[in-house]
Amino acid sequence: MISVTLDQGQVIQVESGTSLQELSKGMNVKYPIVAAAVNNEFKDLLFKVHEPARIKFYDLTSQLGLSVYVRSLSFLFIRAAREVLPNCRVMVEHSLAKGLYCEIKGGHLTGSLVKEIEQRMKEIVDADEPFEKIRISKEEALEIFERDGQLDKVKMLKFLPHPEGNIYKFGWLYDFFYGYLVPSTGYLKVFALQFHLPGVIIQFPMPENPEVIPKYVPQPKLAQIFFEAERWAEILGVNTVADLNEFIVEGNLPLLVKIAEGLHEKKVANIADEISAHKDRGNIILISGPSSSGKTTFAERLKIQLMVNGLKPVSISVDNYFVDREKTPRDEYGEFDFEALEAIDLDLFNDHLTKLIQGYEIELPIFNFITGRRELSGHRIRIKPDQPIIIEGIHGLNEKMTYSIPKDHKFKVYASCLTQLNIDDHNRIPTTDVRKIRRIVRDHKYRGYSALYTIKIWPSVRRGEEKNIFPFQEDADIMFNSALIYELAVLKPFAEPLLKEIGPENEEYIEAQRLLRFLSYFLPVDSKEIPANSIIKEFIG
């Protein structure tokens, strides 16, 4: 018998070799447990405990637990789709409308076929079939995937240095997944499929309510920008990490960088052209986007392109309109909530904007972050009709921030980092991972923060985005995708040493190890290859 300490401090005695799945069955929980951490090492429920350990279980109320659930659900979808449409190729693409968007190649998809796939998924769930994890050599894995026509995995495995690894067997189907699965399909009871031409959205519950599928709300603008990202990937000939690694090995990266940067510059120029074509609006340009989406560099590049078009833009910082510190609202933890809309003096901000648009002079304020008070700057400005005002901030898409300005006097831009790269057909790269790695590198270089600190505060950053940014993204007039197809290869040498500093005594060790495994798929690239005005320079310097 060995002693096991559970998350709440309870110590129990169990037989050596007891699986986490067996342990979880004895827990009094509201929602099914899907994974666990053993001494801050993330494990699937099939893991067996052989020595004293601290164990923390995860259900669907956690992002870690939800990621295991969604990954398992995607495997279930892949198998069901291939049984309904034999010889088809399933592509797990990206998140969309609080679900996972997938495409099926080699079959004419219809609404009735989607219902048939969903029904087959439910049958497999009712049968409670196991996901079997098996350890095999690289040669065996290559043979299995080549025989099944999964050539994307064959290509990816050739770049992995390890002589053996884990793959999953699910009935007749073998697959590789970057991360763990639940033990069996009986865990996957809550899901639905939504036909979204030309693909399917796998719907699943959210952490705030793990028993209910959220209402489907279409996101046509976001879907369009993802489609554009996919088209860019096709233009570049880089759809997977293995494709990117091939470019690096063959010495073709400089050309890839030039094309990727050229596509960015063309997009910025197109946005500037559209703004210039509507300069009669009064031209308040509002730029918003989540953390590390490249808003600052985008705003600078847009400013240059507007000047090319004969305009003379001016920039106003929303940060200088913060209310005095004692008036700042607090969050549910009693901490100052600087991301709340109420942290801005909206009346003063709107008064200044309306005066500027009408040709009056104003004195810009400046916020003293040391004293926590707003002061007069002595800097007075007045704008002419050919001078659009650029305002960058997280609330830019929220009409309440510029309530006194009519909609037809505003041009809203949503900047985000929607990567067009996947590890392979079935392992997508979450856009939040790219932003997180960007921020880890930038926080260390410019703010002196450790990777541990950045990972620790990330959930709070995400909560702020869910509240203040994402609900308004479809209100944008145009979206700009700041992702660069090659950037993770450039970020790797900067991020890896920072992540390796996080030890197993920290809860954030789990996330650090996951990100290190993720980065291990990429071959590194020297940042000297990158042009000075690239968005990635905002993070690496």
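The values are calculated or read from the model by the stated rules, or taken from the named source; none is laboratory data. All of these numbers come straight from a predicted model, not from anything done at the bench. With ideal geometry, Cβ positions are generated from the backbone for all residues, glycine too; neighbour counts draw on all protein chains shown. Surface accessibility is based on the protein's heavy atoms, side chains included, excluding ligands, DNA and RNA. Shrake-Rupley method; radii C 1.70, N 1.55, O 1.52, S 1.80 Å.
Considering SER315, SER377, which residue is in contact with a Pro (Cβ under 7 Å, 6 or more places away or on another chain) and within 27 Å of LYS303 (Cα to Cα)?
The match here is SER377.
Taking the criterion of being among the hydrophobic types (A, V, I, L, M, F, W, C) and part of a strand (DSSP E or B), would at least one residue in the stretch 348-357 satisfy it?
no
I'm told LEU23 meets every condition in (1) more than 29 Å from GLN150 (Cα to Cα); (2) open to solvent by less than 10 Å² (accessible area, probe 1.4 Å); (3) assigned to a helix (DSSP H, G or I) except one. Can you identify the failing condition by its number?
So LEU23 meets the others, but not (2).
List the strands (runs of 3 or more DSSP E) inside the stretch 101-200, counting only whole elements, that have at least 1 residues being touching a Lys or Arg at 6+ places or on another chain (Cβ under 8 Å), among the charged types (D, E, K, R) and more than 29 Å from GLN21 (Cβ to Cβ).
none
Would you check if ILE117 is β-branched (Val, Ile, Thr) and either closer than 27 Å to GLU511 by Cα or free of Cβ contacts under 8 Å to residues at least 40 places away in the same chain (or both)?
No, not satisfied.
From the residues in the stretch 208-231 that are in a helix (DSSP H, G or I) and either free of Cβ contacts under 8 Å to residues at least 40 places away in the same chain or out of contact with any strand residue (DSSP E or B) (no Cβ under 8 Å at 6 or more places or on another chain) (or both), which one is nearest to LEU263 (Cα to Cα)?
Selected residue: ARG231.
Taking the condition over 23 Å from TYR178 (Cα atoms) and open to solvent by less than 70 Å² (accessible area, probe 1.4 Å), does VAL14 pass?
Here the answer is yes, as VAL14 does meet what is asked.
Quick check: is even one residue across the stretch 472-494 basic (Lys, Arg) and crowded, with 16+ Cβ neighbours inside 10 Å?
yes
Between PRO504, PRO531, PRO524, PRO459, which is surrounded by fewer than 16 Cβ atoms within 10 Å (Cβ to Cβ), under 21 Å from ILE429 (Cα atoms) and in contact (Cβ under 8 Å) with a residue 60 or more places away in the chain?
The match here is PRO459.
State which residue is most open to solvent (accessible area, probe 1.4 Å) when the search covers only the stretch 391-427 and only residues that are part of a loop (DSSP other than H, G, I, E, B) and among the small types (Gly, Ala, Ser).
Of everything passing the filter in the stretch 391-427, SER404 is most open to solvent (accessible area, probe 1.4 Å).
Quick check on my filter: what residues within the stretch 26-39 are in contact (Cβ under 8 Å) with a residue 40 or more places away in the chain and either surrounded by fewer than 18 Cβ atoms within 10 Å (Cβ to Cβ) or under 24 Å from VAL212 (Cα atoms) (or both)?
Matches in the stretch 26-39: TYR31, PRO32, VAL34, ALA35, ASN39.
Looking at (1) in contact (Cβ under 8 Å) with a residue 40 or more places away in the chain; (2) in a helix (DSSP H, G or I); (3) of a type in the set (S, T, N, Q); (4) open to solvent by 10 Å² or more (accessible area, probe 1.4 Å), can you tell me which one ASN245 breaks?
Going through the list (1) in contact (Cβ under 8 Å) with a residue 40 or more places away in the chain; (2) in a helix (DSSP H, G or I); (3) of a type in the set (S, T, N, Q); (4) open to solvent by 10 Å² or more (accessible area, probe 1.4 Å), ASN245 breaks only (4).
Go through the residues of the stretch 481-496 one by one and say whether even a single one is touching a Gly at 6+ places or on another chain (Cβ under 9 Å), assigned to a loop (DSSP other than H, G, I, E, B) and polar (S, T, N, Q).
Yes, the stretch 481-496 contains at least one residue that is touching a Gly at 6+ places or on another chain (Cβ under 9 Å), assigned to a loop (DSSP other than H, G, I, E, B) and polar (S, T, N, Q).
On the basis of being under 23 Å from ARG428 (Cα atoms), surrounded by fewer than 19 Cβ atoms within 10 Å (Cβ to Cβ) and out of contact with any Lys or Arg (no Cβ under 7 Å at 6 or more places or on another chain), does SER62 make the cut?
yes
Regarding the stretch 71-78, can at least one residue be identified that is in a strand (DSSP E or B) and either in contact (Cβ under 8 Å) with a residue 60 or more places away in the chain or among the charged types (D, E, K, R) (or both)?
The answer is no, given that none of the residues of the stretch 71-78 is in a strand (DSSP E or B) and either in contact (Cβ under 8 Å) with a residue 60 or more places away in the chain or among the charged types (D, E, K, R) (or both).
What residue, among those in the stretch 270-324 that are more than 16 Å from ILE405 (Cβ to Cβ) and in a strand (DSSP E or B), is modelled with the lowest pLDDT?
Within the stretch 270-324, the match that is modelled with the lowest pLDDT is SER317.
Which of the residues belonging to the stretch 269-312 are surrounded by fewer than 18 Cβ atoms within 10 Å (Cβ to Cβ), under 25 Å from VAL238 (Cα atoms) and among the hydrophobic types (A, V, I, L, M, F, W, C)?
Passing the criteria: only ALA269.
Pull out all pairs, ordered by first then second residue, where Cβ-Cβ is under 7 Å, the residues are six or more apart or on different chains, the first lies in the stretch 486-497 and is without any contact (Cβ under 8 Å) to a residue 40 or more places away in the chain and more than 16 Å from LEU244 (Cα to Cα), and the second is assigned to a helix (DSSP H, G or I) and open to solvent by less than 10 Å² (accessible area, probe 1.4 Å).
Between residues of the stretch 486-497 that are without any contact (Cβ under 8 Å) to a residue 40 or more places away in the chain and more than 16 Å from LEU244 (Cα to Cα) and residues that are assigned to a helix (DSSP H, G or I) and open to solvent by less than 10 Å² (accessible area, probe 1.4 Å), the close pairs are GLU496/LEU519.
Output the number of the condition that GLY171 fails; it satisfies all remaining conditions of (1) at pLDDT below 95; (2) more than 24 Å from VAL241 (Cα to Cα); (3) among the small types (Gly, Ala, Ser).
Among (1) at pLDDT below 95; (2) more than 24 Å from VAL241 (Cα to Cα); (3) among the small types (Gly, Ala, Ser), the lone unmet condition for GLY171 is (1).
Which pairs have Cβ atoms under 6 Å, sit 6 or more apart or on different chains, and link a residue in the stretch 356-379 that is farther than 14 Å from VAL318 by Cβ to one that is assigned to a loop (DSSP other than H, G, I, E, B) and open to solvent by 80 Å² or more (accessible area, probe 1.4 Å)?
GLU361/ARG382
Please verify whether the stretch 139-160 includes one or more residues that are open to solvent by less than 30 Å² (accessible area, probe 1.4 Å) and within 22 Å of LEU64 (Cβ to Cβ).
no
For residues in the stretch 113-129 being touching a strand residue (DSSP E or B) at 6+ places or on another chain (Cβ under 7 Å) and surrounded by 18 or more Cβ atoms within 10 Å (Cβ to Cβ), which is farthest from SER74 (Cα to Cα)?
Taking the candidates together, the pick is VAL114.
Considering only residues of the stretch 340-370 that are under 35 Å from the mean Cα position of the chain (by Cα) and open to solvent by 70 Å² or more (accessible area, probe 1.4 Å), which is modelled with the lowest pLDDT?
Checked the stretch 340-370; the qualifying residue modelled with the lowest pLDDT is PHE369.
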